[in-house]
Amino acid sequence: MNKNTVEAAMLSQGICNRFYNDYDNVETVLCPPFISLKTVATVLDYDKADIALGA
């Protein structure tokens, strides 16, 4: 993920929407750059997504 914070938030939101119920047997991890960690964490928390956050 090589995006600015706004692009990272939009991409994370899109991934949350896409992976909402489609992949029960798959572990999904987003690994944004350091400057986007808080933004992506907020999106994942808000959506209560079953997606892990890595660095």
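The C-alpha atoms of the chain define a longest principal axis, and helix 5-18 lies at about 0 degrees to it. 3J(HN,Hα) along segment 50-55, derived from phi through the Karplus expression 6.51 cos²θ - 1.76 cosθ + 1.60 where θ = phi - 60°, amounts to 8, 10, 7, 10, x, 10 Hz, with x in place of Gly and Pro.
Hydrodynamic analysis of the chain uses the Kirkwood radius over alpha carbon pairs. Inserted into Stokes-Einstein at 10 °C and 1.306 mPa s, it gives a translational diffusion coefficient of 144 µm²/s.
Coordinate-derived values only; no laboratory data. Since this is a predicted model, take the numbers as computed values, not measurements.
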